[in-house]
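The values are calculated or read from the model by the stated rules, or taken from the named source; none is laboratory data. This one's a predicted model, so the numbers in the text were calculated from it and none came from an experiment. The area values use the complete protein model at the heavy-atom level, side chains included, leaving out ligands, DNA and RNA. Shrake-Rupley method; radii C 1.70, N 1.55, O 1.52, S 1.80 Å.
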Amino acid sequence: MLSRRVPGVLIYVVIAASIFWATATIAQWSGLGLAQYDAQRLRFLPSVILDTKERLFLRDPGIEETALPASDGQTFRYRYRHLRLLIEGHDRMFLVPDSWSASDSTLIVPLDGSVRVQFQFQNQPP
């Protein structure tokens, strides 16, 4: 009796594992496709200037880091340019460099007062 159940259970386990694998693969392909789409339309995303209290040590090419002069009442010490707003979530922003590709990193910035965000808008020609 037990020997009859083993092949049936084994088939259900294989089917369940296959469904999980297929779902994960489809999600990965979908995410990669969306990232490639976003990388192609970066020039249409808002340009961001980010001021921080601490240095971020960003390694992405094209990001410009400037040390702000120390003065009384100056909270922020570093300014980062050439970033784009990819998406804004519940309490954070996801920023990417101007020259971002789908395989590059994304900077996650909390919206808690530890950073100052400025948007740099540029009008498109008519």
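Listed by position, the strands (runs of 3 or more DSSP E) contained in the range 28-108 that have at least 2 residues being modelled with pLDDT of 80 or more and among the acidic types (D, E) are 64-67. Looking for something open to solvent by less than 50 Å² (accessible area, probe 1.4 Å) and modelled with pLDDT under 90 - is there at least one such residue anywhere in the range 6-15? Within the range 6-15 (the criterion being open to solvent by less than 50 Å² (accessible area, probe 1.4 Å) and modelled with pLDDT under 90), the answer is yes, since at least one residue qualifies.
The lone criterion from (1) part of a helix (DSSP H, G or I); (2) open to solvent by less than 40 Å² (accessible area, probe 1.4 Å); (3) modelled with pLDDT of 90 or more left unmet by W21 is number (2). Checking each residue of the range 82-93 against the condition of being hydrophobic (A, V, I, L, M, F, W, C) and over 18 Å from the mean Cα position of the chain (by Cα) gives no match.
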